[in-house]
Amino acid sequence: MNDLAELLRPSWGAEKWILEGWNKISQDEKQIITARMDELFCDGLPFELKSDKLFYIYTFSLLAQLEVLAIQVPLKFESKMSTEEFRERLHQQLLDEIFHGLVFTKIVYMLCAPYASPPQYSSNIENLCNFIRNEDCPKTAIMLLNLIGEGWIEEIFYSLHRFGIAPKVFTTILEDEHRHVCEADLYRDIGMPNITEIQPKIAYLEEQLITNIFTQYKYMVSVSALLGVEGVKDFKESLNRKHVEQLSKINLEPTENWKFFMQFGDEILPKIQGYIESNHEVEMTPIRKVFMTQWSNPSDPTMAGQFNVNVSCLDFFNKKFPAETLTTLMMQAVSLGLSLNDSFRNYLSFRKIFRSEQAYVGLVVKLPECGDHIATIVFENCHQLSFRELTSRVREVMQIMMYCYQKREHLEKTQPRVQEIMNEMIYDFAYNTYGYPMPGTSFVSLSNIGFCGYSQSMSPLRCNESMKFTLMEVERKPVWNKTTNTFEAEDILPVSISADHRIFDGNLPVPKLTSTYFNDMFAKMLQDESMPNRSSTSATQAQMGKLLDQLIAKNIDMGYKALLLLQTYWFDFLSVEELLSGEFIGEMVGALHNQ
């Protein structure tokens, strides 16, 4: 039956690597490892889940896949060491790594119960691991694993430990791991590999870390969610510091690609941190807790309504104002409403309710000359901008997003590697049993489908949306005036609202409030017309294209994923263009060019 079970039951990827090492150690050593496992798991899962379980599942499946890499090198080269001392050190490392691989793999299985298996083993991560596993030179393999790989892995463990993630587990693991990295100095006595040969291999490992781990969405979102933005910053800084220190031991330094990635993190993380820290969790009322048991992620709205807004002030049919005026004013009206009503800024994320301090509105647009592509431009407090500033900014961003779409389309037609990336992403999203860790969005979406002639609509919510407004076709109708007791012609804009009932109170007078805010923003528009235009300091499309071209040339995976994001979502409040202009772009393009 055991043989039959092995034939029938598929194993997870980490198991075969652990088994390979397990079969090479003595019975006494197996008993020692078993005793350590029993001690760590004596009370079941050896840590408390403080966040969504999905974050832990992906984080520990990542750690398990990375950690079993360390089994093969001591297993492969222990017998080839020149002295008994080195053989003993490698054998002890083998025992430690078997234990670590068992710990992480068991945690993954415990987290994934009652499913039959953990998430699919990542071929991208395995590419990095196999590069070290397949190295035949003992000097090079040990240098790559203990000096570089173990140094990286140790910093992941340290960061998770520092920020209170599974402290019992990582206290135990780190007592072993630190010794492995320190021993890298001793391994140099075995004989240094040829620097000219190892340098490109280290550069390749750096690229693999960035491409196959740092840009793998489900893993990085999960680890980042557990660490928090402060933890991510701490990890990035400690990782870079450790990598520089380790390379300095062999008189090398990181590549310009590595420096670019680290500097980009220095630029973008404070902006993300500012945004994250401006959002806070809202304690749920009893009825909200009940609602949370009734529905999962949004799809069809659990609350929908339609109301009319009098937009006669625009003299819509005589085209007194530009075509974009209606949509722009409604964006500002929604933004003003969000800023004045705290509960309107609530949103759902991983079955918790959060509230943003600022008002975020996402304008949904169909990009011209880009097929059926739909993009979203997210603004912060756009009611504070002048009408001309906002309309000008929308046009600028749409041009940049169109460029990204066309650049992405060109890559897909000309680069086989890019086609593989897209196929992998589609397959992973569509067939992943566990789903993707999609955080909720703090912005309210707004789209205008009036030009299509629709007079009624109920828009579905995306899985990470909580509320959206849909504008329809303006109609001129006779409306009864209670004051004059007569019918008067008014230009009426039908507006549909779709929302998740867990965050939205349908008893609030949204129709009346929206009409009031629309009139307020119309008055502001007329007032702003007398004010001088402020000059724009945004980067040009040419500047952005220059950096993206350089990024694609050096790391096509990262460049392609950047294009995918920027063609679909543009978070204007993060000042993306500031990262792509001035001193930063000059330094980075120059650095990449000089590699």
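The values are calculated or read from the model by the stated rules, or taken from the named source; none is laboratory data. Quick caveat, the model's predicted, so the values are computed rather than measured. Every residue, glycine as well, gets a Cβ built from its backbone with ideal geometry; the counts of neighbours run over all protein chains shown.
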- request: Please work out which one of (1) at pLDDT 95 or above; (2) within 26 Å of residue 218 (Cα to Cα) is the condition residue 71 fails and give its number.
  value: (1)
- prompt: Is it the case that some residue within region 351-372 is part of a helix (DSSP H, G or I) and in contact with a Leu (Cβ under 9 Å, 6 or more places away or on another chain)?
  reply: no
task: Go through 361, 334, 311 for me and flag whichever is crowded, with 17+ Cβ neighbours inside 10 Å and under 22 Å from residue 272 (Cα atoms).
output: 361
statement: Those residues of region 474-507 which are part of a loop (DSSP other than H, G, I, E, B), closer than 26 Å to residue 303 by Cβ and without any contact (Cβ under 8 Å) to a residue 24 or more places away in the chain amount to 507
- line: Only unsatisfied item for residue 264, checking (1) at pLDDT 90 or above; (2) surrounded by fewer than 19 Cβ atoms within 10 Å (Cβ to Cβ); (3) aromatic (Phe, Trp, Tyr), is (1)
- line: The condition of being within 35 Å of the chain's Cα centre (by Cα) and among the acidic types (Asp, Glu) holds, among 29, 67, 39, only for 67
- request: Mind telling me which of the residues 271, 320 ends up being more than 24 Å from residue 226 (Cβ to Cβ) and at pLDDT below 95?
  value: 320
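Are any residues in region 448-469 outside any loop (DSSP other than H, G, I, E, B) and more than 16 Å from residue 504 (Cα to Cα), and if so, which ones?
448, 450, 451, 452
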task: Pairs only if they're at least six apart or on different chains, beta carbon under 7 angstrom, first in region 351-370 and more than 24 Å from residue 471 (Cα to Cα), second among the hydrophobic types (A, V, I, L, M, F, W, C) and part of a loop (DSSP other than H, G, I, E, B); list them, first residue then second.
output: 353/282; 353/284; 353/503; 354/282; 355/282
- request: Would you please name the residue that is farthest from residue 70 (Cα to Cα), looking only at residues in region 15-41 that are at pLDDT below 95 and either touching an Asp or Glu at 6+ places or on another chain (Cβ under 8 Å) or assigned to a loop (DSSP other than H, G, I, E, B) (or both)?
  value: 26
task: Give the residue that is modelled with the highest pLDDT, with candidates limited to residues of region 193-216 that are among the β-branched types (Val, Ile, Thr) and part of a helix (DSSP H, G or I).
output: 202
query: How about region 296-345: which of its residues are under 24 Å from residue 439 (Cα atoms) and either free of Cβ contacts under 8 Å to residues at least 24 places away in the same chain or not assigned by TED's automatic domain parsing to the domain that holds residue 473 (or both)?
result: 296, 342
- line: Checking 447, 459, 442, 466 in turn, the sole residue that is surrounded by 18 or more Cβ atoms within 10 Å (Cβ to Cβ), of a type outside the set (Lys, Arg) and touching a helix residue (DSSP H, G or I) at 6+ places or on another chain (Cβ under 8 Å) turns out to be 442
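I'd like to check something: does region 468-477 contain any residue that is of a type in the set (Asp, Glu), assigned by TED's automatic domain parsing to the domain that holds residue 327 and in contact with a strand residue (DSSP E or B) (Cβ under 6 Å, 6 or more places away or on another chain)?
Yes; the residues of region 468-477 include at least one that is of a type in the set (Asp, Glu), assigned by TED's automatic domain parsing to the domain that holds residue 327 and in contact with a strand residue (DSSP E or B) (Cβ under 6 Å, 6 or more places away or on another chain).
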Pair list, Cβ < 7 Å and 6+ apart or interchain, from region 99-113 residues that are among the small types (Gly, Ala, Ser) to residues that are in a helix (DSSP H, G or I): 101/14; 101/17; 101/18; 101/64; 101/67; 101/71
- line: Within region 217-252, of all residues that are aliphatic (A, V, I, L, M) and not in a helix (DSSP H, G or I), the one surrounded by the most Cβ atoms within 10 Å (Cβ to Cβ) is 250
